[in-house]
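Working notes, beginning with the structure itself.
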Amino acid sequence: MINRRDALKTLGASAVAVAGGAVLSPAEAAQAAASGPFTLPALGYAFDALEPYVDAQTMQIHHDKHHGAYVNNLNAAVSKAPELEKKSVEELMASLASVPESVRTAVRNNGGGHINHSLFWQIMTKNPGGKPSGELAKAIDKRFGSLASFQEQFTKAAMGVFGSGWAWLTLDGSKELAIESTPNQDNPWMTGKSPVLGIDVWEHAYYLKYQNRRAEYVAAWQNVVNWDFVSERYSKLIS
């Protein structure tokens, strides 16, 4: 029998599956990655930089294996529909209905995994602490009453995700902030919104350290939010 901890390790190291499609061997995945338009972004800090809130082993597996698999599988999917290779992942997410049905599920899941994680790494920082600043601080106070109230509602959204998914602070077309959640690797880009902040609540994001204690992970994660980056992102989105 294999326990859940070992299963997560095995998932990170073994062959990966194109969601809704075939399983790729490591060699096939590597070939797709090398020849495809999408690449795995650098993490930007050491695997242990977010200790003790997010452990180094989780960060390495999460970035190198899980995100790496999404990139490889997305490249494999778009190679079957070459007209997609010239589109950015944002464009793919925003126009999934135009993606050929034969690869749509793979693009949705793996493109979502790629774009979600590319933002996720930037949302976290090795220098914990801080709080929203500038226009974002004002907008949070106006929309939610206070930072503490926002964090309480955001935590509720993260805890309310059934199974795997994400919780988000989003900006809609009217430049209004909202808290929402999405299943699996779905995301705000798919509904014409812009994510300002997001937390990954898939078990692979926290299980090695927190096991089934998602609430403990969500609370700990609040300590590594890169509010400087998030505040700057918000300012760019409303400009």
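Give the range 144-155 a look and list any residue that's of a type outside the set (S, T, N, Q) and over 22 Å from residue 201 (Cβ atoms), or say none.
The one that is of a type outside the set (S, T, N, Q) and over 22 Å from residue 201 (Cβ atoms): 145.
Check the range 19-28 and report whether any residue there is under 15 Å from residue 204 (Cα atoms) and at pLDDT below 95.
no
Checking residue 206 against (1) touching a residue at least 40 places away in the same chain (Cβ under 8 Å); (2) over 22 Å from residue 142 (Cα atoms); (3) surrounded by fewer than 18 Cβ atoms within 10 Å (Cβ to Cβ): exactly one of these is not met. Which one?
Among (1) touching a residue at least 40 places away in the same chain (Cβ under 8 Å); (2) over 22 Å from residue 142 (Cα atoms); (3) surrounded by fewer than 18 Cβ atoms within 10 Å (Cβ to Cβ), the lone unmet condition for residue 206 is (3).
From the list 41, 52, which residue is touching a Ser or Thr at 6+ places or on another chain (Cβ under 8 Å) and either assigned to a loop (DSSP other than H, G, I, E, B) or not assigned by TED's automatic domain parsing to the domain that holds residue 229 (or both)?
So the residue among 41, 52 that is touching a Ser or Thr at 6+ places or on another chain (Cβ under 8 Å) and either assigned to a loop (DSSP other than H, G, I, E, B) or not assigned by TED's automatic domain parsing to the domain that holds residue 229 (or both) is 41.
If you scan the range 65-89, which residues turn out to be under 21 Å from the mean Cα position of the chain (by Cα) and exposed (fewer than 15 other Cβ atoms within 10 Å of the Cβ)? Give the steps one after another, and end with the answer.
Initially, the range 65-89 is screened for residues under 21 Å from the mean Cα position of the chain (by Cα), giving 65-78, 87-89.
Of everything in the range 65-89, just one residue is under 21 Å from the mean Cα position of the chain (by Cα) and exposed (fewer than 15 other Cβ atoms within 10 Å of the Cβ), namely 88.
Restricting the search to the range 160-198, which residues are closer than 19 Å to residue 150 by Cα, hydrophobic (A, V, I, L, M, F, W, C) and surrounded by fewer than 18 Cβ atoms within 10 Å (Cβ to Cβ)?
The answer is 178, and nothing else.
Would you confirm, using the coordinates I've provided, whether residue 91 is farther than 27 Å from residue 212 by Cα and either touching a strand residue (DSSP E or B) at 6+ places or on another chain (Cβ under 6 Å) or at pLDDT below 95 (or both)?
no
List the helices (runs of 4 or more DSSP H) inside the range 84-185, counting only whole elements, that have at least 2 residues being without any contact (Cβ under 8 Å) to a residue 24 or more places away in the chain.
Values: elements: 89-94, 101-106, 112-123, 134-144, 147-159.
Because the criterion is at least 2 residues that are without any contact (Cβ under 8 Å) to a residue 24 or more places away in the chain, the helices (runs of 4 or more DSSP H) in the range 84-185 that meet it are 89-94, 101-106, 134-144, 147-159.
Name every residue in the range 90-119 that is over 13 Å from residue 185 (Cα atoms) and either surrounded by 22 or more Cβ atoms within 10 Å (Cβ to Cβ) or of a type in the set (A, V, I, L, M, F, W, C) (or both), in order of residue number.
Across the range 90-119, the qualifying residues are 92, 94, 96, 97, 99, 103.
Can you confirm whether residue 70 is touching a Phe, Trp or Tyr at 6+ places or on another chain (Cβ under 7 Å), of a type in the set (Ser, Thr, Tyr) and modelled with pLDDT of 95 or more?
Details: touching a Phe, Trp or Tyr at 6+ places or on another chain (Cβ under 7 Å): no; of a type in the set (Ser, Thr, Tyr): yes; modelled with pLDDT of 95 or more: yes.
For residue 70, the condition - touching a Phe, Trp or Tyr at 6+ places or on another chain (Cβ under 7 Å), of a type in the set (Ser, Thr, Tyr) and modelled with pLDDT of 95 or more - is not met.
The values are calculated or read from the model by the stated rules, or taken from the named source; none is laboratory data. Predicted model only: the values in this text are computed from it and were never measured. Here the Cβ is made from the backbone with ideal geometry for all residues, glycine too, and neighbour counts use every protein chain on show.
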